[in-house]
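One structure is given here, and the rest of the page talks about it.
The values are calculated or read from the model by the stated rules, or taken from the named source; none is laboratory data. Just so it is clear, the structure is predicted and the values come from calculations on it, not from any experiment. We place every Cβ from the backbone using ideal geometry, glycine too, and count neighbours over all the protein chains shown.
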Amino acid sequence: MERRYITCDPELCSGCGLCEMVCSAEKEGVFCPELSRIHLVHIDESMAVSIACRFCENTPCIEACPREALELDEANNVIRVDKMRCTGCGWCIEACDFGAIVLNRSTKSVVLCDLCEGRSQPKCVELCPREALKVSTLEIEAQNARVEAAKSLL
């Protein structure tokens, strides 16, 4: 199965934060951006982008975990957290190039996107009011980059 992940178009993202609220409600049962698996980043006053786990091919977060609390679920190609093993040490947080892993302070365990248990359309993507979020793959992103490069040549 090809790795899928959530992308955000900063030209469409309004910075409303609904994705964070939807995610925390879906996964934790509360409206709390700190518990979201997708994170809104304000680039400047007029631009924002949401970031979620990219399920990197080399999985630096899994490699960094001293307790082997993270593992790749090969059926859905997402990373799972074993909350019984996770001590919240933060090594995986530091290893993540995208800042997509956060610590749930109440459980002392990390949380990261699992595409809503591998759904084809995660809740944040489904409910984004500006349709800024999409599920993508490396091949789709590469094709989009080629199209944009070709357009710039015209």
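ILE38 passes all but one of (1) in contact with a helix residue (DSSP H, G or I) (Cβ under 9 Å, 6 or more places away or on another chain); (2) over 20 Å from SER120 (Cβ atoms); which number fails?
In the conditions (1) in contact with a helix residue (DSSP H, G or I) (Cβ under 9 Å, 6 or more places away or on another chain); (2) over 20 Å from SER120 (Cβ atoms), ILE38 misses (2) alone.
So CYS116 clears everything in (1) surrounded by 14 or more Cβ atoms within 10 Å (Cβ to Cβ); (2) in a loop (DSSP other than H, G, I, E, B); (3) among the hydrophobic types (A, V, I, L, M, F, W, C) except one condition, right? Which one?
Result: CYS116 fails condition (2) only.
Show the residue pairs meeting these rules: Cβ distance below 8 Å; 6+ apart or different chains; first residue within region 1-23 and small (Gly, Ala, Ser); second residue surrounded by fewer than 18 Cβ atoms within 10 Å (Cβ to Cβ).
Taking only residues 6 or more apart or on different chains, the pairs are SER14/PRO129; SER14/ARG130; GLY15/HIS42; GLY15/MET47; GLY17/PRO33.
Taking region 92-113 as the region of interest, how many residues are within 17 Å of ARG54 (Cα to Cα) and surrounded by 14 or more Cβ atoms within 10 Å (Cβ to Cβ)?
First, the residues of region 92-113 that are within 17 Å of ARG54 (Cα to Cα): 92-102, 110-113.
Subsequent filtering for residues that are surrounded by 14 or more Cβ atoms within 10 Å (Cβ to Cβ) retains 92-93, 95-96, 98, 100-102, 110-113.
Here the count works out to 12.
Do you know which residues across region 13-29 are farther than 14 Å from MET47 by Cβ and either among the hydrophobic types (A, V, I, L, M, F, W, C) or not in a loop (DSSP other than H, G, I, E, B) (or both)?
Answer for region 13-29, where residues must be farther than 14 Å from MET47 by Cβ and either among the hydrophobic types (A, V, I, L, M, F, W, C) or not in a loop (DSSP other than H, G, I, E, B) (or both): LEU18, CYS19, GLU20, MET21, VAL22, CYS23, SER24, ALA25, GLU26, LYS27, GLU28.
Which condition from (1) among the aromatic types (Phe, Trp, Tyr); (2) at pLDDT 95 or above; (3) surrounded by 15 or more Cβ atoms within 10 Å (Cβ to Cβ) is the one that PHE55 breaks?
Unmet condition: (2).
For a quick check of your reading of the model, give me the residue pairs whose first member lies in region 43-70 and is under 19 Å from THR7 (Cα atoms), whose second is among the β-branched types (Val, Ile, Thr) and part of a loop (DSSP other than H, G, I, E, B), with beta-carbon atoms closer than 8 Å and at least 6 apart or on different chains.
CYS53/ILE101
For region 36-55, does any single residue satisfy the condition of being over 13 Å from the mean Cα position of the chain (by Cα) and polar (S, T, N, Q)?
Looking only at region 36-55, we keep the residues that are over 13 Å from the mean Cα position of the chain (by Cα), and these are 42-48.
Filter once more, so that each one left must be polar (S, T, N, Q): 46.
Yes, there is a match, as at least one residue in region 36-55 is over 13 Å from the mean Cα position of the chain (by Cα) and polar (S, T, N, Q).
From the set of residues in region 113-143 that are of a type in the set (Asp, Glu) and at positive phi, which is modelled with the highest pLDDT?
Step one: filter region 113-143 for residues of a type in the set (Asp, Glu), giving 114, 117, 126, 131, 139, 141.
Among the residues that remain, those that are also at positive phi are: 117, 131.
On the way: GLU117: 90, GLU131: 98.
Out of the qualifying residues, it is GLU131.
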